[in-house]
1. Where Lys and Arg each count +1 and Asp and Glu each count -1, what net charge lies around T266 among other residues with Cβ under 11 Å from its Cβ?
2. Can you say what percent of the DSSP beta bridges in the chain, counting only those with both residues inside, are antiparallel? Round to 5.
3. Once phi is turned into θ = phi - 60°, what whole-Hz ³J(HN,Hα) does the Karplus curve with 6.51, -1.76 and 1.60 give for every residue of the stretch 72-78, x standing for Gly and Pro?
4. List every residue whose amide H lies under 5 Å from the amide H of T87, counting only residues 5 or more places away in sequence or on a different chain, with H placed 1.01 Å from N in the peptide plane.
5. With charges only on Cβ, +1 for K and R and -1 for D and E, what is the dipole size of the stretch 199-347 about its Cα centre, in debye, rounded to 20?
6. Can you compute the modelled spin-label distance between R347 and K138, with each label point 7 Å from Cα toward Cβ, in nm?
7. Hey, can you grab everything whose amide H is under 5 Å from the amide H of L46? Only 5+ residues off in sequence or another chain; H modelled, so Pro and N-termini drop out.
8. Give a quick list of GluC sites (Glu not before Pro) in the stretch 62-107 that DSSP marks as loop, anything other than H, G, I, E or B, with at most 14 other Cβ atoms within 10 Å.
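Every number in this text was worked out from the coordinates using simple rules, so none of it is lab data. Everything numeric in this text was worked out from a predicted model, so none of it was measured. Cβ coordinates were reconstructed from backbone atoms using ideal geometry, including for glycine residues, and neighbour counts include every protein chain displayed.
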Amino acid sequence: MKIFECGHCNHPLFFESNSCENCGHSCGYRDDDRIMLTFDPLKPSLISDREKNEYNYCKNKEYGVCNWLLEKEDEHDYCNACQLNRTIPNLSDKNNFSKWQNLEVAKHRLIYQLQKMGLDLPSKMVHKEGLCFDFIAKKNNPEIMTGHANGIITILLREADSVSREQIRKKLQEPFRTLIGHLRHEVGHYFWDRLIFNNQDVLQAFRTIFGNEEANYSDALQTYYKYGAPHHWQESYISKYATSHPWEDWAETWAHYLHIMDMVETAHFFCLSVNPNEISQNMKTEATLDPYAVKDFQTIIDTCVPLSFAVNSINRSMGIPDVYPFVINRAVIKKMTFIHELLLPKR
Ligand SMILES: [Zn+2]
Ligand SMILES: [Zn+2]
Ligand SMILES: [Zn+2]
């Protein structure tokens, strides 16, 4: 994620900021060119400080879950991220509201990243092949699960509750479980349909790396939940769950590819470098490049590994879990390189 700056006083701003802490100007995100615009809060309309153009906020600003902007002439009430919401929770239940806020933070970061990757994000409500989100409370819909089906990404509200999410994480023996991780995984299934299924050459290449996805999916999942991951899974997969079926391997690897790209992009915007004394050369790095502009995926991995070693070490000093508790082996790098090269022409 980028760091943003106030258009009035140049103070740094977060992606989620609603106003500048230094000068009090209000702010909003314009996704066309991924910049934050700022506005004089004493003026009745949103005229940007630098360009003097007029904007409206997305309607979800009313709920404090979105700070994205629409041009004054835009006919939509909602921004490009919120137009993808098909179902939001019942907001008369106060417990739902904070969970929805958490989900929206993760979803907006996901959309930022997918846009930066150059991917089309049509709404399922307008295009048959589009994408939409259902954020749903399980108690009213006992049969519904978190997952993806034909462009519809369903996330159960309980995943936005940190206690409940931690209980599920322990039960499933996962090293970490996050909202952004869920969204990245599920949207991976959507992009498998869009980028791979319709292209025979790409599909063949996919099968040589991830295996044949024609293997019966429900049988494969039943086998996985009965017997778990095979021994030595760490030699070829990013997670245990990735071993269940080639589709899940793709979605897990895709999610981790997005984690890595975001981590290295953030490090790049902060100009982070890691240069420990007396530790091998491959634990030194400078995040000088925006990873989305880098062709060679190995360069990104060479930046990511020392960075995650450093930030994991800082977290351990604070007694909190590792930021990135995974080992990226050669087979996984090959899979991620396939994803990286598939996406390069889109940027
Ligand atoms: Zn400011
Ligand atoms: Zn919005
Ligand atoms: Zn999946």
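1. Numbers: positive: K2, R109; negative: D262, E265, D290.
Net of charged neighbours comes to -1.
2. Working: 19 of 28 bridges.
Approximately 70 percent, going by the DSSP bridge assignments.
3. After applying 6.51 cos²θ - 1.76 cosθ + 1.60, I find 3, 7, 4, 7, 7, 8, 10 Hz.
4. Long-range HN contacts for T87: F133, D134, F135.
5. Details: 11 positive and 17 negative charges, 26 e Å.
Once rounded to the nearest 20, the dipole reads 120 debye.
6. Calculated label separation equals 3.7 nm.
7. Here the answer is Y55, since their amide H atoms fall under 5 Å of that of L46.
8. Working: sites: E62, E71, E73, E75, E104; in loops: E73, E75.
Loop-located and lightly packed - E73, E75.
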